[in-house]
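Asks: Submitted below is the structure of interest, expressed as structure tokens.
What follows is calculated from the coordinates using simple rules that are stated; it is not laboratory data. Everything numeric in this text was worked out from a predicted model, so none of it was measured. Cβ atoms come from the backbone with ideal geometry, glycine included; neighbour counts cover every protein chain shown.
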Amino acid sequence: MSKEFVNPDAKQKAINAKKHALILIQGAGQARAGVWSKQVAISENFELGTMLPQLDWAVKLNDYAVLVMNPNQNISEETGKRVPLNETMSNHATHIWKNYVVDSGFQEIFIIAFSAGGNCLTSIMKQNPDTFYN
């Protein structure tokens, strides 16, 4: 069973036209979904090292659906096997974009990408230029 890090509202296209989406993409390394930097979370604090402040902000505004990408997790914790379409960070990001974002119907989409997450965003933009403003 795969884990989805998207709140239920994000899947309801009928209500998305009046909503915004916040997409969060962490960097490479040991960071997992919800963590910007494991090292920063340990050595500084959770507020700086995790996505919790951004998630809290989006939930409080109440008109944001949230999607957290997990491009570092390419081995299933349940099966120990490779996660299909997740061989690389860029493959994961592009797959999520095409299957969860492109036809979602959101009014506006905001993206926060950290470190290698920026490379994921660049891949998304190169493969889907028509979904971004010029």
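Asks: Output wanted: per-residue J couplings in Hz (rounded whole) for region 116-130, from phi through Karplus 6.51 cos²θ - 1.76 cosθ + 1.60, θ = phi - 60°, x for Gly and Pro.
Replies: Coupling constants for region 116-130: 5, x, x, 5, 4, 4, 4, 4, 4, 5, 5, 8, 9, x, 6 Hz.
Asks: On a full-extension model of 0.36 nm per residue, what is the gain between T88 and T122, subtracting their alpha-carbon distance, rounded to one decimal in nm? Working shown, then result.
Replies: Numbers: separation 34, 0.36 × 34 = 12.24 nm, distance 1.37 nm.
Answer, rounded to one decimal: 10.9 nm.
Asks: For region 95-102, take each phi angle, set θ = phi - 60°, evaluate the Karplus expression 6.51 cos²θ - 1.76 cosθ + 1.60, and give the result in whole Hz per residue in order, putting x for glycine and proline.
Replies: Ordered by residue, 3J(HN,Hα) equals 4, 4, 4, 5, 9, 10, 10, 3 Hz.
Asks: Label-point separation (nm) for W57 and F110, each offset 7 Å from Cα along Cα-to-Cβ?
Replies: For W57 paired with F110, the spin-label model returns 0.6 nm.
Asks: Just subtract the alpha-carbon distance of Q73 and Q39 from 0.36 nm times their residue separation and send over the number in nm, one decimal. Present the calculation step by step, with values, prior to reporting the outcome.
Replies: Numbers: separation 34, 0.36 × 34 = 12.24 nm, distance 1.74 nm.
Residue separation times 0.36 nm, minus the Cα-Cα distance, leaves 10.5 nm.
Asks: Here is a further query. How much length would be gained if the chain were fully extended between F132 and A17, taking 0.36 nm per residue of separation minus their Cα-Cα distance, in nm to one decimal?
Replies: Working: separation 115, 0.36 × 115 = 41.40 nm, distance 1.67 nm.
Taking 0.36 nm per residue and subtracting the Cα distance, the gain is 39.7 nm.
Asks: Return the ratio Rg/(2.2 N^0.38 Å) for region 8-131, where Rg is computed over Cα atoms only. Could the numbers behind the result be given before it?
Replies: Working: Rg = 14.6 Å, N = 124, 2.2 N^0.38 = 13.7 Å.
Against the empirical 2.2 N^0.38 Å value, I get 1.06 for region 8-131.
Asks: Hey, fewest Cβ within 10 Å first, where do F114, F46 land in order?
Replies: On the way: F114 17, F46 14.
If I rank by nearby Cβ atoms, fewest first, I get F46, F114.
Asks: State, to one decimal in nm, how far the label point of Q30 lies from the label point of K98, with both points 7 Å from Cα in the Cβ direction.
Replies: 3.4 nm
Asks: A 27 angstrom limit on the alpha carbon distance is what I want to check against. Which of K81/K126; K19/K126; K38/K126 exceed it? Write out the running numbers ahead of the final one.
Replies: Details: K81/K126 29 Å; K19/K126 25 Å; K38/K126 29 Å.
Listed pairs above 27 Å: K81/K126; K38/K126.
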